[in-house]
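Throughout, read-outs are computed from the coordinates displayed, never taken from laboratory work. Because the structure is predicted, anything quoted here is derived from the model rather than measured. Ideal geometry is used to build each Cβ from the backbone, glycine not excepted, and the neighbour counts take in all protein chains shown.
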Amino acid sequence: MKPARTRFAPSPTGYLHVGGIRTALFAWLVARQSGGQFVLRLEDTDRAREVQGAEAHIIESLRTLGLDYDEGPDIGGVYGPYRQTERLAKYQEWAQVLIDAGRAYADPYTPEEVQKFREEAQAIQKPFLYRNHRPENPPKWDGKTPLRFKSEPKDYRWHDAVMGDLHAGAEAIDDFVLIKSDGFPTYNFAHLIDDHEMQISHIIRGQEFIASQPNYLNLYEALEFEHPAFATVPHILGPDGKKKLSKRDGAKDVLDYFRDGFLTEAMLNFIASLGWNDGTEQEIFTRDELIQKFSLERVQRSGARFDENRLLWMNGHWIRSLNLDELYARSKGFWPKDAEKYDEDYRRAVLGLIQERLKYFKEIPELTDFFFKDLPVNMELIDDNKQLKKFERSELKSLLKQAQASLAQSDFTVPDLTDRLNALLETTGQKPGILFSLVRVATTQAPFSPSLAETLNVLGRETAFRRIEQALNAL
Ligand code: GLU
């Protein structure tokens with residue numbers, strides 16, 4: 001494979017969500033698997049929509065996911081600068097080339113005049129085409145009015161690595177704006193110049209640009225540029241598989257997922273799976289496997305459904321795959337306040353117990369609070385328990401007393417606790433759903449916990465008995 005030069009070209013108009021990051025990931029994978037370069041370019045010419053801090057946020061998001069770039073606004077590179085607002089002279093130069101070749105002209109119309117043309121076209125049910133209103137003798141362009149491309153309408157056929165062979169008729173071609181009256185180039189013009197100058201080999205981008213592709217092909221010809229390969233990635237759809245993903249469904253800031261304690265491995269795995277698979281049943285991919293196996297040809301054409309449950313499942317998988325030391329190191333910052341009073345070994349043991357069930361780190365406080373503090377005795381846990389609620393309080397009290405007596409003899413190792421709990425089933429003649437639930441509620445004041453013997457072992461004798469005593473009093 002020839003080394004590819006790909007780019008991620010976000011506009012700093014807000015935070016990066018999964019859709020943006022997926023485009024970046026696909027471009028990064030193509031660069032890395034071919035031994036090429038991945039370029040970050042800031043498309044910051046829309047001054048009105050620019051959001052303060054967006055550039056730093058984009059950079060932080062890429063860093064957090066490990067999508068390293070070889071050239072970019074903060075690190076430079078041979079084809080820099082990498083912010084479009086720092087490249088204005090280049091757009092002017094190429095604009096002049098087009099003017100000299102008779103392929104660009106000053107737009108003499110006021111917005112009101114253009115609106116009138118538009119309405120006239122509507123009245124006769126014709127699509128509005130700017131090129132039907134080209135001025136006969138356009139004024140010399142002074143930079144104060146928009147500069148328009150003088151298109152040469154014709155049919156186009158082109159190949160898209162994802163969407164396949166595409167074509168469009170001449171009606172798709174129009175005279176679009178190259179440079180706006182504020183002196184900044186449009187995306188349509190600037191990206192094409194930059195991709196050429198930066199020697200980009202593959203343009204990987206979202207579907208919103210595909211309708212403009214014939215216009216771009218027309219401009220490539222006018223500039224005598226060879227065009228890069230195109231790859232259009234499908235939309236990401238909400239969980240219902242119908243509408244485009246909205247903020248509520250998960251189109252949130254990707255950094256929010258890290259704030260909630262998702263692992264990089266899982267995020268990469270999940271984002272890659274939004275519209276791509278390797279053609280087998282495999283669902284879990286490491287970063288290296290993604291680099292090895294990704295291909296644009298296997299990106300699907302239809303919208304990719306965003307399913308947050310799948311992300312939770314994947315993250316759970318990646319959490320279980322880490323060894324306890326690694327998991328503990330990564331969980332830093334997610335522990336509840338009360339955990340600070342306990343030493344690392346204790347916290348590590350607690351983490352070991354919940355590793356199996358943990359889906360993301362932000363759940364840690366909820367899953368572990370009873371390990372770090374005595375919760376008030378909660379009788380609802382008994383009233384809400386299908387099995388326990390059938391018993392009189394006095395019966396429960398007597399059962400718990402029998403458990404207390406046996407556990408008093410225990411050395412509190414897991415095997416001994418297990419044996420004693422099992423033996424209690426025999427001596428009391430009760431099922432685990434009753435006896436173990438009762439001991440669990442008494443010692444944790446939580447409806448669920450990891451295995452009872454292991455939970456008691458980590459809690460320790462002193463805490464277990466203090467809580468059993470409190471429960472007995474309440475009963
Ligand atoms: N600046 C464009 C955007 O953020 C980039 C499109 C492209 O990748 O060419 O949507």
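Per residue, the average separation of C-alpha pairs within less than 8 Å and at least 6 apart gives the chain a relative contact order of 12 percent. Magnitude of the charge dipole for the stretch 90-249, about its Cα centre and with charges confined to Cβ atoms of Lys, Arg (+1) and Asp, Glu (-1), is about 520 debye.
Label zone of D288 (point 7 Å out along Cα→Cβ, amide N under 19 Å): in the stretch 248-272 this covers 264-270. Restricting attention to the chain, close to 50% of DSSP beta bridges with both partner residues there are antiparallel. Using the Karplus relation 6.51 cos²θ - 1.76 cosθ + 1.60 with θ = phi - 60°, the per-residue 3J(HN,Hα) values for the stretch 139-153 come to x, 5, 6, 10, x, 9, 10, x, 9, 10, 7, 9, 7, 10, x Hz, with x marking Gly and Pro. Kindly flag which residue pairs out of K293/K362; K252/K362; K401/K431; K90/K144; K252/K332 have an alpha-carbon separation exceeding 27 Å in this structure. Exceeds cut-off: K293/K362. Please say if the stretch 101-182 is rounded, prolate or oblate, where rounded means a/c under 1.5 for a ≥ b ≥ c the square roots of the C-alpha gyration tensor eigenvalues, and otherwise the choice is prolate for a/b larger than b/c and oblate otherwise? In terms of gyration-tensor shape, oblate. Computed over all pairs of different Cα atoms, the Kirkwood value for the hydrodynamic radius of the stretch 289-336 is 13.9 Å. 3J(HN,Hα) along the stretch 288-300: 5, 5, 4, 4, 5, 9, 4, 8, 4, 5, 9, 6, 6 Hz, from the Karplus curve 6.51 cos²θ - 1.76 cosθ + 1.60 with θ = phi - 60°, whole Hz, x for Gly and Pro. Here the relative contact order of the stretch 1-151, from alpha carbon pairs under 8 Å that lie six or more residues apart, stands at 20 percent.
When the GluC sites (Glu not before Pro) in the stretch 301-380 are filtered for DSSP coil states and for at most 13 other beta-carbon atoms within 10 Å of their beta-carbon, the remaining sites are E356. Straight-line reach from K116: which aspartates and glutamates have Cα under 19 Å away, leaving out those fewer than 8 places along the same chain? Partners within reach: D107, E136, D174, D175. Placing +1 on each Lys and Arg Cβ and -1 on each Asp and Glu Cβ, with no other charges, gives the stretch 187-291 a dipole about its Cα centre of roughly 620 debye. Among the trypsin sites (Lys or Arg not before Pro) in the stretch 174-279, those placed in a DSSP loop whose Cβ has at most 13 other Cβ atoms within 10 Å are K242, K243, K247, R248.
Available extension along the chain between D260 and E297 is 10.0 nm, counting 0.36 nm per residue and deducting the alpha carbon span.
Estimated from helices alone, the mean residue ellipticity of the chain at 222 nm is -13500 deg cm²/dmol (sum of -39500 (n - 2.57) over DSSP H runs with n ≥ 4, per residue). Each label was represented as a point 7 Å from its Cα along the Cα-to-Cβ direction; for R134 and D374 these points are 8.8 nm apart.
One Cα centroid belongs to the stretch 288-363, the other to the stretch 373-395; the line between them spans 33 Å.
Where a ≥ b ≥ c are the square roots of the eigenvalues of the C-alpha gyration tensor, would you call the stretch 72-231 rounded, which needs a/c under 1.5, or, failing that, prolate if a/b is larger than b/c, or oblate? It comes out oblate by the Cα gyration axes.
Computed on the stretch 298-428, with alpha-carbon pairs under 8 angstrom and 6+ residues apart, the relative contact order is 20 percent.
Extension gain for Y187 to A405 (0.36 nm times residue separation, less C-alpha to C-alpha distance): 70.8 nm. Projecting the Cα atoms of V78, W94, F26 onto the dipole axis of the stretch 17-106, where Lys and Arg carry +1 and Asp and Glu carry -1 at the beta carbon, places F26 farthest toward the positive end. For the stretch 1-121, just say rounded, prolate or oblate: build the C-alpha gyration tensor, square-root its eigenvalues into a ≥ b ≥ c, call rounded for a/c under 1.5, and beyond that prolate if a/b exceeds b/c, oblate if not. Judged from the Cα gyration tensor, the stretch 1-121 comes out prolate (a/c at least 1.5, a/b above b/c). Comparing Cα centroids, the stretch 197-258 and the stretch 418-439 end up 60 angstrom apart. Share of antiparallel DSSP beta bridges in the stretch 170-306, in percent to the nearest 5? Looking only at bridges with both residues in the stretch 170-306, the antiparallel portion is about 30 percent. Taking a Cβ cut-off of under 12 Å around K252, the surrounding Lys, Arg, Asp and Glu residues balance to a net charge of -2, with basic ones at +1 and acidic ones at -1. The label point for E356 and the one for K90, both projected 7 Å from the Cα toward the Cβ, are 5.7 nm apart.
Which one, L237, L367, F285, projects farthest toward the positive side of the charge dipole computed for the stretch 234-384 from Cβ point charges (K/R +1, D/E -1)? The listed residue farthest towards the positive side: L237.
Database remark: amide H of E71 closer than 5 angstrom to the amide H of F38, L40 (H placed geometrically; neighbours at sequence offset of 5 or more, or on other chains; Pro and chain starts carry no H). Taking the Cα centre of the chain as origin and assigning +1 to Lys and Arg Cβ atoms and -1 to Asp and Glu Cβ atoms, the resulting dipole is close to 960 debye. Annotation: for a label point projected 7 angstrom from Cα along Cα→Cβ of E308, residues of the stretch 18-53 with backbone N closer than 16 Å are 18-19. Considering only L472, Y216, H159, and ranking their Cα positions along the charge dipole of the chain that arises from unit charges at the beta-carbon of Lys, Arg, Asp and Glu, the one farthest toward the positive end is L472.
For the stretch 391-475, chymotrypsin sites (Phe, Trp or Tyr not before Pro) meeting the loop criterion (DSSP other than H, G, I, E, B) and having at most 12 other Cβ atoms within 10 Å: F448.
For T13, neighbours were defined as the other residues whose beta-carbon sits under 11 Å from its Cβ, and their charges (Lys and Arg +1, Asp and Glu -1) total -3.
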